[in-house]
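Novice: Mind looking over this structure? Questions follow.
Every number here is computed from the coordinates shown, using simple stated rules; none is lab data. Treat the numbers as computed from the prediction; the structure is a model and nothing was measured. All Cβ positions, even for glycine, are placed from backbone atoms using ideal geometry, and neighbour counts span all protein chains on display.
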Amino acid sequence: MEEHSVGPLVPAVVKPDPSKNFSTDTTAAGDAFPVPTMSELDKDFLCPICMQIIKDAFLTACGHSFCYMCIITHLRNKSDCPCCGHYLTNSNLFPNFLLDKLLKKTSDRQISKTASPVEHFRQAVQKGCEVTMKELDTLLLLLTEKKRKMEQEEAERNMQILLDFLHCLRKQKVDELKEVQTDLQFIKEDIGAVEKHRMDLYRARDSGLASSPLNLRGGLSSGSHTKKNDGKSQISSHGHGIQRRDPISGSDSQYINQSGLALVRKKRVHTQFNDLQECYLQKRRQAADKPQGQQERDTSFISREGYSCGLDDFQSVLTTFTRYSRLRVIAEIRHGDIFHSANIVSSIEFDRDDDLFATAGVSRRIKVFDFSAVVNEPTDAHCPVVEMTTRSKLSCLSWNKYAKNQIASSDYEGIVTVWDVTTRKSLMEYEEHEKRAWSVDFSRTDPSMLVSGSDDCKVKVWCTNQEASVINIDMKANICCVKYNPGSGNYIAVGSADHHIHYYDLRNISRPVHVFTGHKKAVSYVKFLSNDELASASTDSTLRLWDVKQNLPVRTFRGHANEKNFVGLTVSSEYIACGSETNEVFVYHKEISKPLTWHRFGTLDMEDAEDEAGSYFISAVCWKSDRPTILTANSQGTIKVLVLAA
């Protein structure tokens, strides 16, 4: 109640004695004495029952005042005074005219203190104050002049606001113009550099000097792309048994008219023009901000006259983005067991040399296949070269990147097992997790170390030379995925059901190095594209790319559907692939937020294709190192080998 009355009143210095009748003092003292604040007066004017200013005051025989309705309502239930407990009935109540009069005067005085001069004048006129015509003319002149000044001041304020806005807008547009002029200068320089290099290529071709694929490049900026081409030279046309080997591209592009291929690639550019434009300008500006010495030290930059580092980077992006437009099936395995209805493939992984790949899922078996045999032998019934039975359903696999015969698994009982593929026996079994273990990963820098994450909200680091975990990280939410940084055994990324990615330095686990936020639901997968680039997948139907060196978000990818299942995530140096709950595989270029291409899993019975597309989902995906070949599996138990094609 005090807050309601404190404000325009002057604070009191002396607090009045409640036992004294202060009504005469407050009205007679005027300005000669400090006036008690409304908060202090309120304490005596409050009804003891409702604790509000007394309304329609009534006095009891024992000398206490209440609101009439408050005391009447009280006496309906009890026959005593709420203040002193003295016996009391309706016949002992009397109107307190003095208190009502005092309350009215106090209220009027408060209103008069807070009222504006106009309100005082209005009240005076309403009360019949005598005013002459001359006085009214004078007041009207004063009011007219006051109105004119107020309108003038309002107009000046409005003009100042408009002027400030225009200045701000001009500054913004000047900055934008400078940025556009700078971008135009970049484009002009790059057009000149590209035209010059193109003429050099024409001269070299005419003179017979251009013999290297690197000199005739349409964007081959690193050796990684050459590796991708090698991968395609091994694949055959599935279902026809016809080998198509192309030492340069590894695809059937040599059978496509080159001019037609160029038109198709131009169409892809126009389809994603806005994203490509943003990518070009970003890389060009970043390169311009780099010191010249740093550009020269950049080992990935191939120096050509007039070429900037940013232009070279963008050419690589443009080439790798437009090179492929579809996913082509080159092999298929019906992985499902006819005697088991549960055929979901939870994990599919290549070994160290990409010779073998292993699958695992709810069928409680790890199956290892020979990749070359699967691709080159025209049969639908491919048998695994190794098969190992487990006690529980499996959630994840991870090959040891040094010991070719070692593979780790995690299962629904929380057990992490290290297997010897050669002997088909388990080497180590770790049973410390209390609930389902979703993820396991071998370190790329230390072959004896592996990490796992579980529904028990714990991340555990294991050593194959020890029977117990060597590091234990307690977290607040379920762990969905864990991954070692490929460049260091000290750093791990942890995806959690709290929607965040926790990046830890294992040398200090008291707190994460950084927590990446942005996903709206649980983070189901984390994968490293490089030492500094981390991709994540979530059941919010997005993928995200992060810079773990600068601790910054880079890009968000949308196009697939993922709201409840583990649909797989795999990365290469340039591409990111994931599954979808629409039974499709999606491929993204890491620089473009929209899908590059996608492939829908078909069924043997085409009449049920639409129904099954809603029933099944992609459950696992894996790139073949840095090549355009990808292993995919769905919840029906079907495995397909896909390659990116023009």
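Novice: Taking the Cα-to-Cβ direction at residue 167 and at residue 123 and moving 7 Å from each Cα, how far apart do the two end points lie in nm?
Specialist: Label at residue 167, label at residue 123, 4.4 nm between them.
Novice: What is the calculated FRET efficiency for residue 511 to residue 435, with r their C-beta to C-beta distance and R₀ = 22 Å, to the nearest 0.05?
Specialist: Working from the Cβ atoms, E equals 0.40.
Novice: Then there's this: Output the Cα-based Rg and Dmax of the stretch 421-536 in Å, rounding Rg to one decimal and Dmax to a whole number.
Specialist: Cα radius of gyration and Dmax of the stretch 421-536 are 13.8, 45 Å respectively.
Novice: If you don't mind, another one. Using alpha carbons only, how many angstrom separate the centre of the stretch 121-146 from the centre of the stretch 502-579?
Specialist: Each part's Cα centre sits 75 Å from the other's.
Novice: Quick check on packing: order 579-590, 265-276 by the mean number of other C-beta atoms within 10 Å, highest mean leading.
Specialist: In descending order of packing, they fall as 579-590, 265-276.
Novice: If you don't mind, another one. At what distance in nm do the modelled label points of residue 477 and residue 552 sit from each other, each positioned 7 Å from its Cα along Cα→Cβ?
Specialist: 2.5 nm
Novice: What order do you get for 124-133, 183-192 when each peptide is scored by the mean count of other beta carbon atoms within 10 Å, highest first?
Specialist: 183-192, 124-133
Novice: Follow-up question, since we're still on this one. So how much slack lies between residue 191 and residue 274, counting 0.36 nm per residue of separation and subtracting their Cα-Cα distance, in nm? All intermediate terms of the calculation are to be shown ahead of the outcome.
Specialist: On the way: separation 83, 0.36 × 83 = 29.88 nm, distance 1.88 nm.
Gain on stretching residue 191 to residue 274: 28.0 nm.
Novice: Among 43/101; 43/104; 425/476; 527/624, which pairs are too far apart, with a Cα-Cα distance over 26 Å?
Specialist: 425/476
Novice: Give me the lysines in straight-line cross-link reach of residue 134: C-alpha distance below 21 Å, same-chain residues under 8 apart excluded.
Specialist: Here the lysines satisfying the reach criterion relative to residue 134 are 146, 147.
Novice: If the cut-off is 24 Å between C-alpha atoms, which lysines fall inside it for residue 173, apart from same-chain ones fewer than 8 positions away?
Specialist: 188, 283
Novice: Below 8 Å between Cα atoms, with a sequence gap of 6+, how large is the relative contact order for the stretch 506-646 in percent?
Specialist: Once divided by the residue count of the stretch 506-646, the mean separation gives 15 percent.
Novice: I want to make sure I understand the PRE zone here: with the label point 7 angstrom from the Cα of residue 135 toward its beta carbon, which residues in the stretch 105-119 have backbone N atoms less than 20 Å away?
Specialist: Residues passing the 20 Å test: 116-119.
Novice: In Å and from the alpha-carbon atoms only, list the Rg and Dmax of the stretch 488-591.
Specialist: 13.2, 42
Novice: Continuing with this model, one more query. Which order, highest average first, do 618-625, 383-390 follow once you tally other Cβ atoms within 10 Å for each residue and take the mean per peptide?
Specialist: Working: 618-625: 24.2, 383-390: 15.2.
Ranking, from highest mean packing down: 618-625, 383-390.
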